[in-house]
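This report concerns only the one structure given below.
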Amino acid sequence: MLSRTTLTRRLVQRLTNEEAVVAGLGNTNFDLIAAGHRLQNFYMLGSMGLACPIALGVALAQPNRGVIALEGDGSILMALGCLATIGNVQPRNLTIIIWDNGMYQITGKQAAATGGATDIVAVAQGAGIEQSEWVRDETHFDTLIDRRFEEGGPRLLAAKIGDQPGQGLPMRDPVLIRENFMRGLGTSHSRELG
Amino acid sequence: MTWSEIILAALKENSVRFAAYVPDNILTPLIAGVAADSDFICVGATREDEAVGAATGAYMAGLRAVAMMQTSGFALIANALGSLVVPFQIPAILIVSERGIMGEFNIGQTLVARTMRPTLDALGIMHHTLTDLSTLHFILDRSIKQAFTTRAPVVFILSPLLSGGNPAAHGQLM
């Protein structure tokens, strides 16, 4: 089993071009902040399932920036239709990473469909995201993310992870999260306080 | 100008450049207008909360955005409004074509439509019901400017009084 905490850290260490990272709620964004806060990180506090749609909007608005959506398997199961949208829009600067522990870890480890018959990579391929694949191990993950994120997409990587919770302490101020993110993307309109 | 031409013009005049929508019969001319206009990046979503999510991402990345849907689809987005748009102060522009009243033939639509305004009021979201051509541009233009200036969402409800209602209703009513 792979570790969400470890792979998130490896991903963040690899980001050198101010890539935007949109993280789904709960463990996904706890591990993103554990890897070190960046201005280009967006941490969701609810709206389960919308990490990929939010990332799609970012990717289309800033086509020269690499955009990465981090999402749990339970969250993407709630919003499978967005994979079809992304499969049709084909944003070349969007990468989706699914952390698949086959369960709803944060609500009490209830089984998810991905722990049974559902293969999220096959779902994504069927939705039109042809470059979808399972991460085999940490070395393979490193190989898959050793690329420029602003081109070559859309891609979806899915990793079978263990049942460990996220490690970081989440940010809880939505306006601060949004304002940081917009500063990171160069779109903040807020005047500096003098 | 028709209602859809006025809405399109007001969006463009206010630099709205991203549109996400779920198809709707009444909205057809507006969706077609946006899709045919090279000023807009246009995304057809599979669900209304997905459209709201994409519009939110586009706004944060620098494009003013609109999401379009019908009343039954609005009923799917309470969570996206209550846990994303409102707390993160996203000035999302929402256009909702109103079904369920003034000649609705589908009882499912009549019931779900009644949840829309109470939901908006509970969340404190500004909403305007668009009923006539003479005030349409004023309401849109001022309210869109207010949304971006105050960083708050606004919802425009497209009444059958303005749109003529759902074309599919013709022949279905007794």
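Laboratory data are not the source of any read-out in this text; all were calculated from the coordinates shown. All values derive from a computational prediction rather than experimental measurement. Positions of Cβ are backbone-derived with ideal geometry, glycine not excepted, and every protein chain shown enters the neighbour counts.
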Let me know the charge dipole size of the protein assembly as shown about its Cα centre in debye, to the nearest 20, where only the beta-carbon of Lys, Arg (+1) and Asp, Glu (-1) is charged. 580
Over region A:4-184, what is the mean sequence separation of C-alpha contacts under 8 Å (at least six apart), divided by residue count, expressed as relative contact order in percent? 29
Quick check: the angle from helix B:133-150's long axis to the longest principal axis of chain B, C-alpha only, nearest 10 degrees? 40
Set the Förster radius R0 to 30 Å, insert the Cβ-Cβ distance between B:Thr110 and A:Val175 as r into 1/(1 + (r/R0)^6), and round the FRET efficiency to 0.05. 0.20
In Å, what Kirkwood hydrodynamic radius results for chain A from the alpha-carbon pair distances? 16.5
Within 12 Å, Cβ to Cβ, of A:Glu18, how many net charges do the neighbouring residues add up to if Lys/Arg are +1 and Asp/Glu are -1? +1
Neighbouring Cβ atoms within 10 Å as the yardstick, rank A:Glu133, A:Glu151 fewest first. A:Glu151, A:Glu133
Considering the convex hull of the alpha carbon atoms of region A:18-110, report its projected area averaged over all viewing directions, in nm², one decimal. 5.8
Could you give the dipole magnitude of chain B about its Cα centre, charging the beta-carbon of Lys and Arg +1 and that of Asp and Glu -1, in debye to the nearest 20? 320
Would you tally the net charge around A:Ala61, using a Cβ to Cβ cut-off of less than 11 Å, leaving A:Ala61 out, and scoring K and R as +1, D and E as -1? +3
Which whole-number value in Å³ per residue fits the convex hull of the alpha carbons of the protein assembly as shown? 147
Once fully extended, how much extra length lies between B:Gln172 and B:Met126, figured as 0.36 nm per residue of separation less the alpha-carbon to alpha-carbon distance? 13.2 nm
Assertion target for A:Ser188, B:Ser72, ordered by fewest C-beta neighbours within 10 angstrom first, is A:Ser188, B:Ser72
Efficiency of FRET between B:Leu133 and B:Gln89 - r from beta-carbon atoms, R0 35 angstrom, step 0.05: 0.65
For a bin width of 10 Å, list the pair-distance distribution of chain B built from all Cα-Cα distances, rounded to whole %. 10, 42, 38, 9, 1
